[in-house]
Amino acid sequence: MDWAILYYFLHASMYLYLVFWGSQTIAGWNYYKNDAYTAFFNPLRLDSWMWWPILGGVLLFVVLLRSFGRTLGQRAFGFSLQGHEHGLARAVQRLTRVIVFPISVLFLPFQLLASALRKRPPRRGLLHDYASNSSVRAYIHPSGLPRKRIWFTQWGWITIALLALTIFLGWVIIDANIGVLISRTDEARRVFLDIATPDFSHFTVPDPVFYQRAYPQMFSIINLMVLTVLMALAATLIGAFFAFPVSFLGARNLMCQNRTGWIVYSVIRGFFNLFRSIETLIWVVVFAVWIGYGNPFAGVMALVIHTIAALGKLYSEQVESIDSGPIEAILATGGSRLQIIRYAVIPQIIPSFLAFTLYRWDINVRMATIIALVGGGGIGDLLFYYRNQGDWSQVGAVALAMIAVVWTLDYISGRVRERIA
C-alpha cells in the first residue's frame, strides 16, 4: 500500500510537470495538455533505464518513512516498527535499519536460498531486521502515552496530502474551467427558460415529423411514456421470475455444504457479478444489433439481463441473512433441501423479495428512459430526438412527463413496501 501511494505521488507529480511546466508558453501548455503521451495512465516520457532509479528511490523512501514514523499502510493494517526488547524502536535502531537496508537488498537472494535449503524461514528476519534488532509487527499503543492528533502524525500528513493531490489532479484531468461556466451563462439561461416553459402540443397528439425507427408509426408523449412503463414492468417481472429460483443457488448458507454446492455457488455468484458489472447501456447495444435499433424489445431484453443479475444478488444475500433456527429444525427431522427452502426459507424472505422487486421496478423505469440513447426505444427516443433538434420546449414537456411518472411510481412502490415490510 505504501509503495502504491508513493508511486502515485511521484507519477502524479511528473504528469503535472508535463502539463504545466513542459513549456513556458500557452501554446506549449495546450500541446502538452492535449498530447496523447501526457494522458495520466500512459507511460510518461522517460527512457526505460530511468524507471529503475525511480522505483529504487520509491523503495528507499518507503523504508525511510517506515523507519522514522508510522506510514498510512502500517496504520491501515495495524503495524508499526518495534524493537525486539524495548517496545517502540529507538532512534539508533531506526537509523541502523535505513543504513543496512541497501546491503540487505543485495544479500536477500542468498538469504532466501539458504532458507530454502534449510526449509525454514530466517530466524531473526531479514538482514536489516537482524542488524537493527527491530521489525515491523502488530502495533500496541504504549500505556500512558497520549495519542497524537492526525495533523501531528506521518500517516495523517500523507492522508491530507493524498486527498489534496487527488482533488487537484482530478480538477486538471477533467479540464474544469470556471471561466467557461461563467462566460456561457446567457446560453444556459436560454435553454433553461425554454425547458421551464414546456410545449405540450404533442402530449396526446403524435408529432408528424417523429416516428419510431423500429417501425414507421407516430407516437405522442403519453404513448411512449406508457410504452416505457410497460417495458420496465415486463423487464422487472421476467427478471424476478428467473432471479427467484437462481438466488437460492447463490446463497452460501444453503449451497456450501459440500464440494458440489461450493462449485454451484461460485458459478452463480460469478454470473451475478459479471452480468451486473456490465452496464445496461452495453446490453442495449448488443440487443439493438441483434433485434433491431430502436425496437423496445431490445431495451426490455437488456433490462431483463441486468435485472436477473441485480435481483439475484439481492435475493441471495437476503437468503444468507435469514434465521438459521428453522433450517436446523427441519434438518434435524430429516427434511430434504426442497423442504428447507419451502418451509424454513421462503416464509422469511417473501416480504424482502417483494420490496426488492418494487425497488428494481423504480430503477428500470429510470433506466428505460435512458436506453433509447443507444437504441433501446421508449420515451427516451423522443427526448433525444427533440434534444438533437434543439427544441428545448418539447424537451421540457417530455422531461416533465418522465418526472411525473417516476415520482408517482416511486410514491406507490414506497407505500407498498411500507405495507409489506
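The table below lists the values:
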| item | result |
| --- | --- |
| Search result, residues across the stretch 153-192 that are in a loop (DSSP other than H, G, I, E, B), free of Cβ contacts under 8 Å to residues at least 40 places away in the same chain and of a type in the set (S, T, N, Q) | Asn177 |
| Only one of Leu400, Leu354, Leu373, Leu338 that is within 28 Å of the chain's Cα centre (by Cα) and farther than 29 Å from Ile291 by Cα | Leu354 |
| Every residue from the stretch 246-267 that is closer than 16 Å to Tyr315 by Cα and over 27 Å from the mean Cα position of the chain (by Cα) | Leu254, Met255 |
| Residues of the stretch 15-46 satisfying the condition of being over 27 Å from the mean Cα position of the chain (by Cα), under 30 Å from Val98 (Cβ atoms) and either of a type in the set (A, V, I, L, M, F, W, C) or modelled with pLDDT under 70 (or both) | Leu46 |
| Some residue of the stretch 375-391 being surrounded by 23 or more Cβ atoms within 10 Å (Cβ to Cβ), closer than 29 Å to Arg269 by Cα and in contact (Cβ under 8 Å) with a residue 60 or more places away in the chain | yes |
| Residue tally, condition surrounded by 15 or more Cβ atoms within 10 Å (Cβ to Cβ), over 23 Å from the mean Cα position of the chain (by Cα), farther than 16 Å from Ser13 by Cβ and β-branched (Val, Ile, Thr), over the stretch 148-163 | 1 |
| Among residues of the stretch 66-86, those that are over 19 Å from Trp155 (Cβ atoms) and either in contact (Cβ under 8 Å) with a residue 40 or more places away in the chain or touching a strand residue (DSSP E or B) at 6+ places or on another chain (Cβ under 7 Å) (or both), counted | 3 |
| Residue ranges of helices (runs of 4 or more DSSP H) in the stretch 71-152 with at least 2 members at pLDDT 75 or above | 72-77, 91-118 |
| Filtered residue count, the stretch 234-277, keeping only those that are of a type in the set (Val, Ile, Thr) and either loosely packed, with under 15 Cβ neighbours inside 10 Å or more than 30 Å from Leu373 (Cβ to Cβ) (or both) | 5 |
| Neighbours by Cβ (under 9 Å, 6+ apart or cross-chain): first from the stretch 218-229, free of Cβ contacts under 8 Å to residues at least 24 places away in the same chain; second among the acidic types (Asp, Glu) | Met218/Asp207; Ser220/Asp207 |
| Top-ranked residue in the stretch 392-421 [being without any contact (Cβ under 8 Å) to a residue 60 or more places away in the chain and among the hydroxyl-bearing types (Ser, Thr, Tyr); ranked as nearest to Met218 (Cα to Cα)] | Thr408 |
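Residue by residue, here is whether (1) small (Gly, Ala, Ser); (2) in contact (Cβ under 8 Å) with a residue 24 or more places away in the chain; (3) surrounded by fewer than 20 Cβ atoms within 10 Å (Cβ to Cβ) holds:
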site	(1), (2), (3)
Ser321	yes, no, yes
Leu331	no, no, yes
Tyr343	no, no, yes
Thr369	no, yes, no
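The values are calculated or read from the model by the stated rules, or taken from the named source; none is laboratory data. Keep in mind the model is a prediction, meaning the values are calculated, not measured. Note that each Cβ is placed from the backbone with ideal geometry, even for glycine, and that neighbours are counted across all protein chains shown.
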